[in-house]
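Right, I'll just put the structure down here and ask away after.
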Amino acid sequence: MMNIDLEKVSKYKLFERLSPEELDKVLSCCNDMICQPGQVIIQESILGPKIYLILKGQASVAIEFKNMPGSQAIASLGEGDFFGEYCFLENKPRTAQVTAVDEVHVLKIDNQALNELMEENHHIGYVVSRNLATVLSQRLFETNIKLRDKA
């Protein structure tokens, strides 16, 4: 695995409030990957066993709309952002495609290993689940504002 700045990573929303020892345990569930510009990191409608955390670079999130040809970009992600959580939480196919805009370094968090760790260590499970919920509620809030502004 690449050299990871633990102090920096500990401040990412997904890992906030984990002790250094707990963060080490979570990172043991991870592998790193470098994606080249234009590389599809995850595909829409595919089941995927990983959550991805961006360590460096920018990625674009796109979805296919039934009434529009091709995919439409709906969000941009950068350092500290994560994606793929829907498959982790629901074990259902991915709802969007994520593509590297420039060189992107990601941590791939193995769903099964993370689930086992969260069951084994309830504090890690609570903190990671709460962090996921906090980010998802913020995303929902931002989506609601955008939709309200368009109406």
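The values are calculated or read from the model by the stated rules, or taken from the named source; none is laboratory data. If you're wondering where the values come from, they're calculated on a predicted model, not measured in any experiment. Methodologically, a virtual Cβ is constructed for each residue, glycine included, from the backbone with ideal geometry; neighbour enumeration extends over all protein chains shown.
Taking the range 61-115, which residues are modelled with pLDDT under 95, of a type in the set (G, A, S) and within 24 Å of V26 (Cα to Cα)?
G84
May I ask you to list the residues in the range 1-25 that are over 14 Å from the mean Cα position of the chain (by Cα), touching a residue at least 60 places away in the same chain (Cβ under 8 Å) and not in a loop (DSSP other than H, G, I, E, B)?
Residues satisfying the conditions are E22, K25.
Within the range 59-91, work out how many residues are on the phi > 0 side of the Ramachandran plot and touching a residue at least 24 places away in the same chain (Cβ under 8 Å).
Qualifying residue count for the region: 3.
Please return the ranges of strands (runs of 3 or more DSSP E) entirely within the range 27-144 where 3 or more residues are farther than 17 Å from S10 by Cα.
On the way: elements: 30-35, 40-42, 50-56, 59-64, 71-77, 97-100, 104-110.
Qualifying strands (runs of 3 or more DSSP E): 30-35, 40-42, 59-64, 71-77, 97-100.
Right, another one. Restricting attention to the range 21-35, report how many residues are closer than 13 Å to Q112 by Cα and not polar (S, T, N, Q).
3
So G78 passes all but one of these: (1) within 16 Å of R94 (Cβ to Cβ); (2) surrounded by 12 or more Cβ atoms within 10 Å (Cβ to Cβ). Which condition number does it fail?
All conditions pass for G78, except number (1).
Under 8 Å by Cβ, and 6 or more places apart or on different chains, what pairs join a residue from the range 127-151 that is in contact (Cβ under 8 Å) with a residue 12 or more places away in the chain with one that is among the β-branched types (V, I, T) and part of a helix (DSSP H, G or I)?
From the range 127-151, the pairs are V128/V26.
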